[in-house]
Structures are given as C-alpha cells and as structure tokens.
Amino acid sequence: MGLELYLDLLSQPCRAVYIFAKRNGIPFELRPVELRKGGLGLGLGPEGSGRPNTARGDAGRQRLLGARAEKGQHLSDAFAQVNPLKKVPALRDGDFTLTESVAILLYLNRKYKVPDHWYPQDLQACARVDEYLAWQHTALRRNCLRALWHKVMFPVFLGEPVSPEMLAATLAELDATLQLLEDKFLQNKAFLTGPHISLADLIAITELMHPVGAGCQIFEGRPKLAAWRQRVEAAVGEDLFQEAHEVILKAKDSPPADPIIKQKLMPRVLAMIQ
C-alpha cells in the first residue's frame with residue numbers, strides 16, 4: 001500500500017498537508033475523515049481524484065473505512081486504529097504511521113524531492129521557518145480557530161449562542177495577532193521568511209482562511225498582508241488553492257449538528273479553543 005493521508009479539508013492543518021502534497025506531485029491516497037459527521041466513508045482515488053477506492057487495500061482497511069459511528073469520524077474507534085490521538089491529519093506509509101501536521105509536512109519534505117525553498121537547507125533560512133512554526137501554534141492558529149468557532153460554528157453548527165462581548169474580544173485578539181504577523185514575520189519581505197514561499201507561508205495562509213470562511217474581512221485595510229496572500233495563492237496555484245479551501249469557504253452554510261455528534265464534539269471543541 002502506498003502513501004495514505006487521512007484528512008478533512010475543514011481543518012487548516014489538513015489543508016496545508018493537502019496543498020503541499022498536490023503542489024509537489026506527491027502521489028497519495030486520500031482517506032476522508034469528516035469531523036462533522038458519523039462514520040468513515042470510503043477513501044478516494046490517487047491524489048484525491050474523487051474516485052471511490054474500493055479495489056485497493058486489505059480487507060481490514062476497507063472495513064475501517066466503511067465503518068459507521070454515531071460521532072465525529074475522528075472520534076470513532078475505527079479511526080483510533082490509524083491515530084490513537086483521534087485527530088487529523090494522519091499519515092500512513094506502509095506500516096509507518098505519523099500524526100501532527102508539521103511532522104507530516106517535514107516527513108514529506110524529506111522523503112520526496114521537493115524544491116529547497118519549502119524548508120531550506122541553509123541553517124539560518126531553515127531556522128526562520130522553524131521560528132514561525134514554533135510560534136504559530138499558540139498564536140495565529142489559536143486565534144483563527146476561535147474566530148471561526150465563535151462567529152460561525154458555535155451558533156450555526158452547534159446551535160450555541162456566543163455573546164457579542166465574547167465575539168468582539170475574539171476578533172480583537174485576532175486583529176492583534178495579524179498585526180504581529182505583519183510586523184514580526186512578514187515585514188517588507190515577499191514571503192514570511194524570505195524571497196520564496198516556505199512551509200511557514202503555507203501553514204499561515206491555511207490558518208487565515210478559517211476567519212475568512214467565517215466571513216471576517218481580515219485582509220481589508222491590510223494591503224501588505226493582502227498582497228502576500230496573492231503571492232502565496234499564485235505560488236501554490238489558484239485552482240489548487242480554491243480546491244483546498246472550498247469546504248471552509250462554505251462553513252457558514254453548515255447544517256446543524258446531530259445531537260449525538262454535538263454531545264461528543266462539545267467537550268473537545270471547548271478544550272481546543274481555550
């Protein structure tokens with residue numbers, strides 16, 4: 001069995017892994033894990049072609065992908081066989097499994113012959129990418145995630161109201177983080193760590209599309225950041241960029257969650273966005 005990626009493009013780290021693999025021509029089997037639904041559907045064909053993958057893989061793998069569960073798919077016992085942490089993204093490469101998006105991106109970067117600019121060999125250039133990757137987990141990711149959930153996912157998907165005061169505080173915190181992203185990392189460069197796109201830019205843009213999907217106009221009044229976004233889109237390819245973000249850009253249209261799924265998801269969501 002070749003490389004398999006377990007993803008839901010609703011998730012910002014999943015989008016980064018998906019774009020990186022597709023942009024660099026890395027062959028993989030896409031195994032959808034829908035965070036908002038019960039059960040594990042069949043995997044898709046090579047490189048996320050959209051074709052049901054019923055002919056490949058052992059019987060046990062197909063039973064896993066065909067299992068039904070009354071909870072978000074990542075919380076099912078079936079998916080726990082792939083990732084005991086019950087999170088996406090996850091990677092399976094033969095008998096080897098790997099979790100955590102940064103670890104997956106670095107694994108793909110090292111295994112396949114991709115351009116050096118993604119994760120430079122130069123010591124200091126690489127350190128700049130590492131610096132951003134270390135910062136973003138508790139800064140940009142947290143605030144983009146909170147913006148999406150407080151503005152859309154809580155009131156629309158889970159049916160839980162969010163007070164105007166809490167939403168205003170969340171958006172103010174996001175705005176401060178965007179200013180830090182510009183001042184500390186982007187500055188006057190073409191990309192976050194230098195003249196070429198890197199993993200830092202890919203991870204950053206997929207995070208920022210969370211509040212965009214919630215209807216936040218985060219690039220208005222920020223011409224420097226808006227120009228950076230256009231450069232990133234051009235570097236990865238506009239069609240691929242739109243493909244990867246189709247799901248999140250429709251987040252506002254999410255149907256209400258099933259009560260059982262809501263009960264399962266709520267404690268994890270609250271812990272995730274603290």
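Here are some notes:
- Those helices (runs of 4 or more DSSP H) lying entirely in region 79-163 with at least 2 residues at pLDDT 95 or above and either among the aromatic types (Phe, Trp, Tyr) or in contact with a strand residue (DSSP E or B) (Cβ under 9 Å, 6 or more places away or on another chain) (or both): 101-111, 123-136
- The requirement of being out of contact with any Ser or Thr (no Cβ under 6 Å at 6 or more places or on another chain), crowded, with 21+ Cβ neighbours inside 10 Å and under 25 Å from Leu30 (Cα atoms) is not satisfied by Ala235.
- Looking across region 122-150 at every residue that is open to solvent by 40 Å² or more (accessible area, probe 1.4 Å) and among the aliphatic types (A, V, I, L, M), the one that is nearest to Leu10 (Cα to Cα) is identified as Ala134.
- Remark: pairs (first residue in region 189-204, touching a residue at least 60 places away in the same chain (Cβ under 8 Å); second residue in a strand (DSSP E or B); Cβ separation under 9 Å; 6+ apart in sequence or on different chains) = Ile197/Phe191; Ser198/Phe191; Ala200/Phe191.
- Residue tally, condition touching a Leu at 6+ places or on another chain (Cβ under 7 Å) and open to solvent by 10 Å² or more (accessible area, probe 1.4 Å), over region 12-29: 3
- Residue pairs whose Cβ atoms lie under 8 Å apart, sitting 6 or more positions apart in sequence or on different chains, and linking a residue in region 104-133 that is on the phi < 0 side of the Ramachandran plot and polar (S, T, N, Q) to a partner that is open to solvent by less than 20 Å² (accessible area, probe 1.4 Å) and in a helix (DSSP H, G or I), are Asn109/Phe20; Asn109/Trp118; Asn109/Leu199.
- Selection status of Ser254, closer than 23 Å to Asn24 by Cα and either touching a strand residue (DSSP E or B) at 6+ places or on another chain (Cβ under 7 Å) or modelled with pLDDT under 95 (or both): no
- Which listed residue, of Ile197, Ile273, is at pLDDT 95 or above and either within 18 Å of the chain's Cα centre (by Cα) or within 16 Å of Leu145 (Cβ to Cβ) (or both): Ile197
- The sole residue among Glu173, Glu246, Glu220 that is under 16 Å from the mean Cα position of the chain (by Cα) and either more than 17 Å from Cys144 (Cβ to Cβ) or of a type in the set (D, E, K, R) (or both) is Glu246.
- Enumeration of residues in region 150-170 that are under 20 Å from the mean Cα position of the chain (by Cα) and of a type in the set (A, V, I, L, M, F, W, C): Val152, Met153, Phe154, Phe157
The values are calculated or read from the model by the stated rules, or taken from the named source; none is laboratory data. Since this is a predicted model, take the numbers as computed values, not measurements. Positions of Cβ are backbone-derived with ideal geometry, glycine not excepted, and every protein chain shown enters the neighbour counts. Only protein heavy atoms, including side chains, enter the accessible area calculation; ligands, DNA and RNA are left aside. Shrake-Rupley method; radii C 1.70, N 1.55, O 1.52, S 1.80 Å.
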